[in-house]
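As structure tokens, the structure follows; a few thoughts come after it.
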Amino acid sequence: MPAVFLKDRSLLFVSGAEAQSFLQNLITTDITSLGADEARPGALLTPQGKILFDFMIWQDGDGYMIETDAGQRDSLLKRLTMYKLRAAVTLAPSTEEGVTVSWGEDAEGSQGVRGSQGVRDSRFAKAGITLIRRPGKHGDGKEALYDALRISHGIVTSGSDFALQDAFPHDVLMDFNGGLSFRKGCYVGQEVVSRMQHRGTARRRVVTVSAATALPETGTEITAAGKPVGTLGSVEGGSGLAIVRIDRAGAAMAAGTPLLAGETPVSLILPAWSGLVFPASADEASA
């Protein structure tokens, strides 16, 4: 597959003697266990546990590179600066714009080491795919190819698939993709997500949506018997992503009730790598 340049991604470099502890006490990712050639997802949460900013993070020399949507970078930098206080940390936008992703044959020969070779995206690794992320432009493949790959493996991105400050980390499978730690110490919003984990109250989850015809546009409501189940996110032809109430979807599927995206009949599949299944009843959903 070709290497795809994602022009709407931006980079922020965090360095200094206290960079690790500074980030460890703020974000959802356990960066103390981050491999040298590994990029993990992460988020900075609101005190209520919802995603305020989402990103990928990896080691870069003695610091950390944060890759986020270009529209988020300056606001994220401002928020991190607010938390910095007197910490021995330097925060600076990278001079390189955009990120190139490659997989399949184009990832062969890349050792995934930090720097020019790039880093391996742990979200795709969970799905058995070696995908390399590299700062800057190193390819001209169509972005739709990357979106199709994301969709087929249930990997979401903010803006297209969920709105910031509207989703919990569990909603976007961060409890399964390495972006959410339950073993490290406190961070912003940690109490809420830990409570969700221990009580098993997460009901909204990412699914792949399939239809025999082209799906309607992003933002279309998915319903069962006229009741809302979720909302379409990224769409490529007859495939898409959505965040749905799996208890409601599971009950509808068990009862043989059609699921519709607008007027289009659809089927829903939970990502295999998550290990999740649709509960078939309200009792099972609360078990």
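The values are calculated or read from the model by the stated rules, or taken from the named source; none is laboratory data. Given the structure is predicted, the values throughout are model-derived calculations rather than measurements. Every residue, glycine as well, gets a Cβ built from its backbone with ideal geometry; the counts of neighbours run over all protein chains shown. SASA here: full protein model, heavy atoms, side chains in, ligands and nucleic acids out. Shrake-Rupley method; radii C 1.70, N 1.55, O 1.52, S 1.80 Å.
Values as computed for the structure displayed
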| item | result |
| --- | --- |
| Å² of accessible area per residue within the chain, as computed with a 1.4 Å probe and no ligands counted | 45 Å² |
| Dipole moment magnitude, nearest 20 debye, region 172-281 about Cα centre, only Lys, Arg, Asp, Glu C-beta charged | 540 debye |
| Theoretical gain in end-to-end length, Lys227 to Ala70 [0.36 nm per residue, Cα-Cα removed] | 53.0 nm |
| Gained length - Ala212 relative to Asp166, 0.36 nm times residue gap less alpha-carbon distance | 13.5 nm |
| Derived scalar couplings ³J(HN,Hα) [region 240-254; Karplus, 6.51 cos²θ - 1.76 cosθ + 1.60; whole Hz; x for Gly, Pro] | x, 10, 8, 10, 10, 6, 6, 5, 5, 5, x, 5, 5, 5, 5 |
| Debye, to nearest 20: dipole size of the chain, +1 on Lys, Arg Cβ, -1 on Asp, Glu Cβ | 760 debye |
| Additional length obtainable on full extension of the chain from Lys184 to Thr81, 0.36 nm per residue less Cα span | 34.8 nm |
| Cβ crowding within 10 Å averaged over residues, with 151-160, 27-36, 81-90 ranked highest first | 151-160, 27-36, 81-90 |
| Selection of trypsin sites (Lys or Arg not before Pro), region 140-249, meeting DSSP coil and at most 14 other Cβ within 10 Å | Lys142, Arg183 |
| Whole-Hz couplings from phi, Karplus 6.51/-1.76/1.60, listed for region 76-86; x for Gly and Pro | 5, 4, 5, 5, 5, 4, 5, 7, 4, 6, 9 |
| Net charge over other residues, Cβ less than 13 angstrom from the Cβ of Asp8 (K, R count +1; D, E count -1) | -1 |
| Most fluctuating residue given options Gly275, Gly104, Gly63, as computed from a GNM of the chain linking Cα atoms under 10 Å | Gly275 |
| Mean projected area (nm²) of the alpha-carbon convex hull when region 207-252 is viewed from all directions | 3.0 nm² |
| Relative contact order for region 1-85, counting Cα pairs under 8 Å that sit 6 or more residues apart, in percent | 32 percent |
| Extreme residue, positive dipole direction of the chain, given options Ile66, Met196, Leu215 (C-beta unit charges) | Met196 |
| Selection from Leu12, Phe53, Gly35, by position along the positive dipole direction of region 1-64 (Cβ) | Phe53 |
| Estimated inter-spin distance, Thr257 and Thr90, nm [label 7 Å along Cα→Cβ] | 5.8 nm |
| Where Rh is the Kirkwood radius over Cα pairs, Rg/Rh for the chain | 0.97 |
| Listed residue (Thr100, Gly141, Ala125) projecting farthest to the positive dipole end of region 43-190, Cβ model | Ala125 |
| Entries in Lys7/Lys50; Lys84/Lys184; Lys84/Lys142 that, when Cα-Cα distance is taken, lie over 31 Å | Lys84/Lys142 |
| Positive minus negative residues near Ser94 (Lys, Arg vs Asp, Glu; Cβ under 10 Å) | -3 |
| Percent accessible area from carbon and sulfur atoms, the chain, protein chains only, probe 1.4 Å | 50 percent |
